[in-house]
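Below is one structure; the comments refer to it alone.
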Amino acid sequence: MKTILFTLLMLFAGAITASAQDNHKLTINVSDIQIVKGSILVAVCDKDNFLKGNVKRGMALVKEYKATIEIADLPAGDYAVMLFHDENGNYQLDMSESGAPLEGVGFSKVDLFVGMPEFEECKITVSEDLSITVKLHYF
């Protein structure tokens, strides 16, 4: 009985270690910030949650013309990063009557904005700690 209990404890400890090793840190550096106020709100989404929800989220205050957000404990997989510059602190992306964003927005791997991107255009693969840069676009 002691052997079985010891074996189960070792397996459980191994599962905790393996689980922690499968999670990674994603560092998001935000570039092209035009206004030094407010904060950057970030959503990290998998394909099933793209434009609907998020797997992880984060926030950073805007200091100077840059911001960095670290997302910890992100499981390995494919994700898209979506963010916006919440200039007025209302935790919403403000839109014009025509539906255009009134605050800066950005997506991973999208440098030129011509409409709402698809998941595959924004997809990054997290298999280790990763640092990316996301460019903000103001309209």
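Quick one: SER96, SER39, fewest Cβ neighbours within 10 Å first, how do they rank?
In increasing order of surrounding Cβ atoms, one gets SER96, SER39.
Could you compute the net charge surrounding LEU112? Neighbours are other residues with a C-beta less than 15 Å from the C-beta of LEU112; K and R count +1, D and E count -1.
Computed value for this residue: -2.
Name the aspartates and glutamates eligible as straight-distance cross-link partners of LYS109: C-alpha to C-alpha under 20 Å, and not fewer than 8 places from it in the same chain.
Partners within reach: ASP32, ASP46, ASP48, GLU70, ASP78, GLU118, GLU120, GLU121, GLU128, ASP129.
Scaled to the compact-protein estimate 2.2 N^0.38 Å, what is the alpha-carbon radius of gyration of the range 38-129, rounded to two decimal places?
Compared with the compact-globule rule of thumb, the range 38-129 sits at 1.09.
What is the order of LYS47, LYS109, LYS52, fewest Cβ neighbours within 10 Å to most?
If I rank by nearby Cβ atoms, fewest first, I get LYS52, LYS47, LYS109.
Excluding LEU93 itself, calculate the net charge of residues whose Cβ lies under 13 Å from the Cβ of LEU93, where each Lys or Arg counts +1 and each Asp or Glu counts -1.
Neighbour charge sum, excluding LEU93 itself: -4.
Identify the chymotrypsin sites (Phe, Trp or Tyr not before Pro) of the range 47-97 meeting these criteria: DSSP loop state and at most 11 other C-beta atoms within 10 Å of the C-beta.
TYR91
None of the figures in this text is laboratory data; all of them are computed from the coordinates on show. A quick note: this is a predicted structure, and the numbers were derived from the prediction, not measured. Please note: Cβ atoms are built from the backbone with ideal geometry, for glycine as well, and neighbour counts cover all protein chains shown.
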